[in-house]
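Input: a single structure, listed below in structure tokens.
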Amino acid sequence: MPFEFFSGEPRQQRDRIGMVFLVFALAFGLVEIYACRYELDPDGMDYLDIGRQVAEGHWGAIANSYWGSLDAVLRAPLFLFHPPVAAELPLAHLFCLVILLVAFLAFRFFLHSCLDSCAFWDTRCLCGLHSCSSRSR
């Protein structure tokens with residue numbers, strides 16, 4: 001039965017469902033990286049240029065009022081190894097996928113810590129395993 005994967009304790013169900021969404025996010029992200037590996041908007045290109053300048057030691061490039069400095073500083077290690085020009089855009093997309101996965105895991109941690117700390121919350125109601133009307137209010 002295909003839904004046996006989601007049976008078990010509510011905490012195990014949450015972990016399994018979270019893992020399924022993580023695999024989907026990773027798979028769709030990899031497909032997007034491959035499909036758009038040589039496409040980038042002008043703002044993204046400017047971030048790559050600033051990251052390249054930071055990697056070369058020109059720290060003054062991040063001090064401006066328009067571009068965010070954290071993105072350029074985090075992209076700078078990509079240019080320390082002097083990748084070929086044809087590999088810069090796919091590496092930038094891969095970097096964005098890593099940021100997406102870190103954000104996904106941070107959200108998952110936040111959600112699980114909220115659900116675990118709420119004593120009144122019955123996760124079986126969230127998963128639809130039984131009627132929420134039986135819960136004491």
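I'd like the Karplus ³J(HN,Hα) series for segment 14-29: coefficients 6.51, -1.76, 1.60, θ = phi - 60°, whole numbers in Hz, and an x wherever there's a Gly or Pro.
4, 5, 5, 5, x, 5, 4, 5, 5, 5, 4, 4, 5, 5, 5, x
What's the local net charge at residue 61, with K and R +1, D and E -1, over the other residues with C-beta under 11 Å away?
It works out to a net charge of -2.
Hey, fewest Cβ within 10 Å first, where do 65, 113 land in order?
By the 10 Å Cβ count, ascending: 65, 113.
What are the ³J(HN,Hα) couplings of segment 34-46, residue after residue, when phi is run through the Karplus curve with 6.51, -1.76, 1.60 and θ = phi - 60°? Round to Hz, x for glycine and proline.
5, 5, 10, 5, 10, 10, 7, 6, x, 5, x, 5, 5
Taking neighbour counts of Cβ atoms within 10 Å as a proxy for exposure, in what order, fewest first, do 9, 88 appear?
Result, fewest neighbours first: 9, 88.
Within 10 Å of each residue's Cβ, count the other Cβ atoms and sort 82, 112, 58 from fewest upward.
82, 58, 112
Can you give the net charge of the other residues whose Cβ lies under 13 Å from the Cβ of residue 25, counting K and R as +1 and D and E as -1?
With Lys, Arg at +1 and Asp, Glu at -1, the neighbours total 0.
Readers should treat all values here as calculations from the given coordinates under stated rules, not as data from a laboratory. In this text the structure is predicted, and so the values were computed from the model without any measurement. So basically every Cβ, Gly included, is an ideal-geometry build from the backbone, and we count neighbours across all protein chains shown.
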